[in-house]
Amino acid sequence: LAEMADAERRWPGLTDPSDYRIQLVIAPSPSVFDSITRGRLPGWGAGAAFPATNTIVLVFGPEMHQVLVHELAHLALRRNVRFVPRWFDEGYASRAAGEWKRLDALRINWSLVLGRAPFLEGVSRDLRLGAARADAAYAFATAAVMMLERLGGDRGLEPLVTQLGSTSDFDAALRATYHVTLDRFEEMWRKDVRRRYGWLAMATSFSIFWSVVGGAVV
């Protein structure tokens, strides 16, 4: 894990990542992880990053390597930006770690089946709730960051991350980068996520529904 953390890698939007030392702590069990993090994180968590001290804490398990990359992305981002909302922080880390399976949660999301998408403030809140709500929130956050990356064209997230390095106002950074307000971006993103994933959610949900009905009939 230490060798993996030390490997050179490119992070989305970061043109010249700096070298720095990190402290990597492996908790042998979820209870020890909860003790180390002082109970500040949800019980389903498998990793945590503390940018102020460049510390990463992982729960020993089969997914440690994937979780490590996710937490390394948190540290890399926070060394280059002044402030980001929670949805962007988690969405960026998932995008940087290539956690594409998170988007599968959108295929069975009932809010999309009903033609609705959450607001970004709600996504940030749900990231701290139960595992099922958090899975969907991570998926929505990842989709939002990927849309911002598409808006950046060939430069991806670089223009936005550069702006975030000089301001703690996320709305101002969006205005300077894409010439849209946060409210306008949220509106665009909600339409985009309904268009991209709404029909998948509906198709999957109907499949589940008729599977249940068929089982009941049998």
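The values are calculated or read from the model by the stated rules, or taken from the named source; none is laboratory data. Since we're looking at a predicted model, the values are computed, not measured. All Cβ positions, even for glycine, are placed from backbone atoms using ideal geometry, and neighbour counts span all protein chains on display. For accessibility, only protein heavy atoms count, side chains too; no ligands or nucleic acids. Shrake-Rupley method; radii C 1.70, N 1.55, O 1.52, S 1.80 Å.
Here is how the numbers come out for the structure above:
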item: Computed E for D183/Y20 - FRET, C-beta separation, R0 41 angstrom, nearest 0.05; result: 0.70
item: Bridge type composition, the chain - antiparallel percent by DSSP, nearest 5; result: 45
item: Mean Cα-pair separation over length for the chain, i.e. relative contact order, pairs under 8 Å, 6 or more apart, %; result: 22
item: Accessible area of the chain divided out per residue, in Å², using a probe of 1.4 angstrom; result: 55
item: In Å², nearest 10: area of E149 left accessible to a 1.4 Å probe; result: 40
item: Accessible carbon and sulfur surface of the chain relative to its total accessible area, %, 1.4 Å; result: 53
item: Computed accessible area, S18, all protein chains, 1.4 angstrom probe, square angstrom; result: 60
